[in-house]
Amino acid sequence: MLSRSTLSKAQSVARLNAIPRTSAMLLRAALLHTLKLRQQSSASPASSTSTGESAVSTAAVTAAAAEAFAPLDTFLRRHNGPRESDIEAMLHGLGFKTLDEMISATIPDSIRLTSPLHIADGEYAERELLAKLKQIASKNQVFRSFIGTGYTDVVLPPVILRNILENPGWYTQYTPYQPEISQGRLESLLNYQTVVADLTGLPAANASLLDEGTAAGEALVVCLNAAKKKTRNVFFADVNCHPQTLAVLKTRAEGFGADVVVGDYSSFDFVKIGDRLAGALVSYPDTYGNIGEYKALADKVHDLGGQLVVVADLMSLAVLQSPGEFGADIAIGNSQRFGVPLGYGGPHAAFFATTTANQRRVPGRIIGVSRDASGNRAYRLALQTREQHIRREKASSNICTAQALLANMAAMYAVYHGPEGIRNIANRIHRFTQVLAQAVEAAGHCVENRSYFDTLRVKLADGVNAADVHARAAERKINLRRIDACTVGLTLDEAVSREELVHLVEIFGGNAAGIDALAAAVAPTVAESAAIPVGLVRQSAILTHPVFSRYHSETEMLRYITQLQNKDLSLANAMIPLGSCTMKLNATTELIPITWPEFSQIHPFAPREQTRGYAQMIQDLEEDLAAITGMDATTVQPNSGAQGEYAGLRSIRAYQASIGQEHRNICLVPDSAHGTNPASAVMAGLKVVIVKCDAKGNLDLADLEAKAKKHAANLSAVMITYPSTFGVFEDGVLRAIEIVHDNGGQVYMDGANMNAQVGLTSPGHMGADVCHLNNHKTLAIPHGGGGPGVGPICVKKHLAPFLPGHPELFKADGSPFSTVGPVSAAPYGSAGVLPVTWSYIKLLGGRGMTEVSKTAILNANYMANRLRDHYSILFTNEHGMCAHEFILDTRPFGKTAGIQAIDVAKRLQDYGFHPPTMSWPVPNTIMVEPTESESKEELDRFCDAMIAIREEIREIEEGKQPVGDNVLSHAPHTIATVSAEEWTRSYSRQKAAYPLPHLKERKFWPSVSRVDDTYGDINLICSCPPMENYQ
C-alpha cells in the first residue's frame, strides 16, 4: 500500500514513533486505511510534484489528514485481546523483545512466507464494512420463492430471532461435552429430538445432521451396517426424491461400494434385487407433491431383509400419518421450515429418527437423560463412545459438527406454537394449496399430482409456454419451479398471503376474483380434504409433552429461552480455552448481515440473475481463502470441517482416477490425528494405514517413509494436521510432504489449527495439494453450541477440476461445473453464514490476520510459561515454544492424589471456566487454546485458577484432604449443594464455591452436579421424559 504514496516508509515510521504509545495502534491502522482510500481515488497523486520540498509538505499533510479523518471503529484492536502494554509485558516474560522475534523461535524458518499475506480490498473499519457488504447484498433480488424442493420461506417468531439467532449467549456456546454447564441447550436439543420423534412416529432421534442430503447418505450407511453382509449392498432410491438428495446419496454410496438404483417405487421389481437389498428410499410427499401410500412397499422391503427410509416433510407430518405408523425404519429430512430462514440453502438442521433396533447405529449426536451425583435429572450427550476419536478408522460416519443452533431454533418454534399452532399452520398451508389447485385448473391447466399437501405439479394448457409463466412470475417478483417447457411446479408455505395467492392465480392466467369464495369453500383441514389419500390423515397426537403447551405468550417464551441460556456457559460469560477448537470472538459486526433479507431470504435454486450479490461475495471469499492457504482454487460447499476432509479426499481420488491411478487407495494417517481424519478416509473408500509419532509428538519420519515406500504403488494420500495436534510447528513437515510426493501420493493438510498459520505460513507454501478450513474456528463463524460450521477446501491447480459439483451448478457455457458429485444438499453449503467469514477477512485484511496469528501464539505461550512451574507442558519445540495451544499433563496426579483429568476439568467449572479439551490427543491430559481474542486479564484469571487447583491437588498429596472425598472429586458444586442445610464434606462451603476472591463478584454456577455418564448410556432416554419424572 505505502509504495504508491508520496509518504515514504521512513517518513511513516518517523511520524509513528513520535506518537504517544496509547495512540500508536489506532493511528497505524488509520494511516493504512486512509492511504488505501487514496489509492482508490482517481485524483492525481501528490508524488507528481517536482520539488522535494513540496513532496515533504504533501507528506506532512497526508499524515495529518490520516489522523484527522481516520475512522475510530477500526477492528483489529477490538478483536485482539491484549493491549500494546500487555504484549510488551507478555513478551518480556517469555524473553523476547518483539512479536517477530517470538515467531522466529516458534515457526521453522524453512516454512515461513517470504512476502506478506495480501487480501484484496481489506482493512475496513466496522461501519464501512457494513456499508460495503450492504452494497454487495443489494445485488441480490429478494423474490418470493415458491420453488420448494425442500426449502420454503418461514415466519420466524421475533422472540426466537432476537433471543437465539442474534444472541451471543446461544450462538457462542460450544458443543455440550461438559453437561454441567450446558443443561440449557441440552434441554432444548432434547426438545428437538422429541419434536422429531413425535412427528415421525419413531422413538430414537438425534440432535441434528448437516442437511437432508447428508442425512440420506447416513441412512444408507445405517442400512448397510444393519445388513451385516457385504453382498447386501444395493440401495433403491425413488426417482421422485429431491434431485439434490439423490445426488448426495450417490456421492456417499461410492465410498462404501454400494450400488444405488434409481427407479419408480410403484413399478420397480424389487424381487430382482432379492437378498442384495439393503434399503429403499422414498419421499413423503415427493418432490412433485405426491403423497405416496408406502405400507405395501414397507412390507415388501422388509420381506427382502431391507429397511425403508422415508424423506419426510416435518410440517406435513403434523397432519399426515407418521412414517413409523406405516412401517418406516428410518425417517430423515430438513427441519428448515420450523422457523429457520432460507439462507441460500443453509445452514439448516436435518433430522434423523429411527427404530429402537437402530438406536445404537444413529449417526451424529444424541441427547440423553441421566442423573447427577445428587440423583437429580440431568441431560448429557449419550453414547459418546461412537465419537470418531475412539472408533477412528472403524467409524462409518465422520459427523462432528452438526446444526445445533438451527435445531434449537426449530425446537423453540415448536415450543412457541405448540401442537395446536403447528397443526393450524399445516392446515393453513394445505388449505391455500387447495385454493390454488382449483384456481389453476379453472384456468385450463392440469394439476398432475392428484394428492398433495403443499406442492403442485402443473401441466400447462395447450398453447401456454412455461417460459411465459415464469416471465409473468418474475414481473411480480415471484419464483416458481422450472420443470420443463410445459410444466411448472410450486410449493406454498406458512408465509403465503392473500395478495400472493392472487398473484399466483393471475400468473397462470386465472381469474382471481373468486379467490375469497374458493378459500371459504375448500376443506379447512387436511382431515376433510380430498387431496389427502384415505388412511393417511394423522390420527395420533403430536407434541404431547407439557413443554409444548406452556410457553405460548411472548413473555413466557422469552423467560424460558433466558432460563435455559442462564444454565449454559458461553463466550459471553468467560473464555472457552478448548484445544483444537479455536473459540475466538464472533464479532457483532460480522453477525449482523446474516439476518438481512438480501442474504436470509434467498432460495438456493433462485435464478442466477437474482443472486449476483451472493456470487460476488462467494467469489471474493474463495479468492481470499485461496490466498490465505496458498492454493489456487476453493469451494465453500462443505458445511463442516469433517465434510471438508471428505470432499478433499474425494477430489484427490477423482484426480487420480482421471490419470489412470484409480487403484491408489491407501491413506496414511498419523496416530495423533483427529478421529474424523481416518473416518473421512474410510468414507472416501480409502484404506487407512496408521503412521507413528515419536516421543516428542512429531511425525515419525522414518515410519512414514517406510510405509510410504511399502505402499508406493497404491498410495493415495497422507493426512497431516499442522501445527500438529500436539500444538507444535514440526520441523519435519517439508520432509514429510516430500516423502509422500516421491512415492506418488497427494498431501492433504487438515486446517483445524490454521489459526496459527494465517499470514505466517500456509499449506500451499509448504507443498500440500489440498487443505480444508474450519470457518467456525479460524474464520469467526460461531460454534452455535455444536453447529453451524463451514469447511471449505482449497486445492492446487491440478485438483481444481475435481472440486464437488451440484445439480444446480453450471459453467458459463451451461455444462456441469464438475463431474464429481456434491457433498452438500445446497450448491454453496451453509451460504447463509458466509457473510461472517467474508466480514472477518475484510475487516482484518492480510496484515490484521497476520497479527491475529501472532497474538494467538503469544497468548498460548504466555499461559504455558505461567503454568510451567505447576504442570508439565508435554510438547514444545527445541526453543520451548508451543504453537497456539499446549497440553498440560495431569496423568501423574492419578498416582499421587487419585485425581484424573476429568476432576481438574470439573473443578475448573467452579472457577467459572469452561474446561479445556480433555483426554485428547493424549489420554488423561488437558489441551488449552486461548485464542487471540482473550485479554491478558482473562488469561491470568485462568492461570490463577489452574494454579489454585494444583495447590488443591497438593493438599491431597500431602494428606490434608482425603483421596476420593475432596473438592476436586466432588466438583462441580451447584448452588443447591453449597446451600444445603447439611454439610458433611471435608472442606468448607466457601472453598467449594469461592476458591478465589474475584468469584464473589462474577461467578458462573453449574446447574447440576457431576453427571453420571454410565447410567445415561445404560438407561438410554433420548426424548423428553414423562412429567412424573419432573415431580
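The values are calculated or read from the model by the stated rules, or taken from the named source; none is laboratory data. All values reported here derive from a predicted model rather than from experimental measurement. Don't worry about glycine lacking a Cβ; one is built from the backbone with ideal geometry, like all the others, and counts go over all protein chains shown. Quick note on the areas: whole protein, heavy atoms, side chains included, nothing else; ligands and nucleic acids left out. Shrake-Rupley method; radii C 1.70, N 1.55, O 1.52, S 1.80 Å.
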Neighbour cut-off at most 15 other Cβ (10 Å), DSSP loop, trypsin sites (Lys or Arg not before Pro), region 418-447: none
Residue pairs, from the table Lys97/Lys1000; Lys567/Lys777; Lys584/Lys991; Lys477/Lys811; Lys777/Lys906, whose Cα atoms sit over 29 Å apart: Lys97/Lys1000; Lys584/Lys991
Accessible area of region 420-500 divided out per residue, in Å², using a probe of 1.4 angstrom: 42 Å²
For Arg457, distant residues with modelled amide H under 5 Å away: Glu448, Asn449
FRET efficiency, 1/(1 + (r/R0)^6) with R0 45 Å, evaluated for Thr544 and Leu999 via beta carbons: 0.60
Rounded accessible area per residue of region 860-983, 1.4 Å, Å²: 34 Å²
At R0 = 22 Å, FRET efficiency that the Cβ-Cβ distance of Ala485 and Phe810 yields, to 0.05: 0.75
Degrees separating the helix 936-957 axis from the principal Cα axis of the chain, which is the longest one: 80 degrees
Nearest 10 degrees, 0 to 90: helix 612-629 Cα axis against the chain principal axis: 40 degrees
Neighbourhood charge, 13 Å Cβ-Cβ cut-off, centred on Leu249 and excluding it, Lys, Arg +1 and Asp, Glu -1: -4
Loop trypsin sites (Lys or Arg not before Pro), region 227-284, which have at most 15 other Cβ atoms in a 10 Å radius of their Cβ (DSSP): Lys228, Lys229, Lys230
Between helix 641-658 and the chain: long-axis angle, C-alpha atoms, 0 to 90°, nearest 10: 80 degrees
Compactness relative to 2.2 N^0.38 Å, alpha carbon Rg of region 900-1031: 1.18
Amide H within-cut-off set for Arg144, under 5 Å, with H built and near neighbours excluded: Ile478, Asn479
Per DSSP, loop GluC sites (Glu not before Pro) in region 817-924 with at most 10 further Cβ within 10 Å: Glu878
The chain - percent of accessible surface contributed by carbon and sulfur, probe 1.4 Å: 50 percent
Anchor Lys709: lysines whose Cα lies under 17 Å away (excluding residues fewer than 8 positions away in-chain): Lys687, Lys692
Beta bridge orientation in the chain: antiparallel %, DSSP, nearest 5: 55 percent
